[in-house]
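Take a look at the structure below.
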């Protein structure tokens, strides 16, 4: 990665916008602080926020020493990030080995809603999947084939991995969903208008998405 690209990446993921939002919400101006080698900010006597931990390679590597150092900053850990909970990172998995850990209210709500869908969904049930990483999406698509009524696929995987998706669908035996892979525009920036209209129509006729 060039210095220019790295600089763009760094600026893009700084938590400065989050700091401004929190500052307005609690009417408190933060000031920079270093906590056990972690860069962060202090809002009040016992209210701190750390800079984006993904700037540390040890975070994504779920490094044990890093996890232990992170855990030393608190007595209790609460995970309220449902969308990130599948990642085996230090701030999600590693830290739980060292201090009592709990699910946050939003995380619990997400799990409860998902459980209802998985156990007794209102049909027709439609699953919409997008993104770029086929290695993380293909297992999910394969699992949904025997559960959902429709699986709609958009994003980069729709263009680059259409054949893999269809092969995985053909391997499913017994009852399975209808697989619909979107066509992308010429610049591959979005799905075509026809695909979008098809997705909208299927979604309108679905009771669970």
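The values are calculated or read from the model by the stated rules, or taken from the named source; none is laboratory data. Treat the numbers as computed from the prediction; the structure is a model and nothing was measured. Here the Cβ is made from the backbone with ideal geometry for all residues, glycine too, and neighbour counts use every protein chain on show.
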Where residue 97 falls short, out of the listed (1) farther than 21 Å from residue 207 by Cβ; (2) surrounded by 13 or more Cβ atoms within 10 Å (Cβ to Cβ): (2)
Please work out which one of (1) surrounded by fewer than 17 Cβ atoms within 10 Å (Cβ to Cβ); (2) modelled with pLDDT under 95; (3) within 22 Å of residue 19 (Cβ to Cβ) is the condition residue 85 fails and give its number. (3)
So, residue 99, is that one over 21 Å from residue 146 (Cβ atoms) and in a helix (DSSP H, G or I) or not? no
Could you list, ordered by first residue, the pairs with Cβ atoms under 9 Å in which the first is in segment 185-198 and closer than 16 Å to residue 129 by Cα and the second is assigned to a helix (DSSP H, G or I), at least 6 apart or interchain? 190/196; 191/158; 191/199; 195/158
Check whether at least one residue in segment 15-27 is in contact with a helix residue (DSSP H, G or I) (Cβ under 7 Å, 6 or more places away or on another chain), at pLDDT below 95 and exposed (fewer than 14 other Cβ atoms within 10 Å of the Cβ), and report yes or no. no
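What about residue 78, is it in contact (Cβ under 8 Å) with a residue 12 or more places away in the chain and closer than 29 Å to residue 16 by Cα? Outline the logic, then answer.
Values: in contact (Cβ under 8 Å) with a residue 12 or more places away in the chain: yes; closer than 29 Å to residue 16 by Cα: yes.
It is true that residue 78 is in contact (Cβ under 8 Å) with a residue 12 or more places away in the chain and closer than 29 Å to residue 16 by Cα.
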For residue 88, work out the one condition from (1) in a loop (DSSP other than H, G, I, E, B); (2) more than 22 Å from the chain's Cα centre (by Cα) it doesn't fulfil. (2)
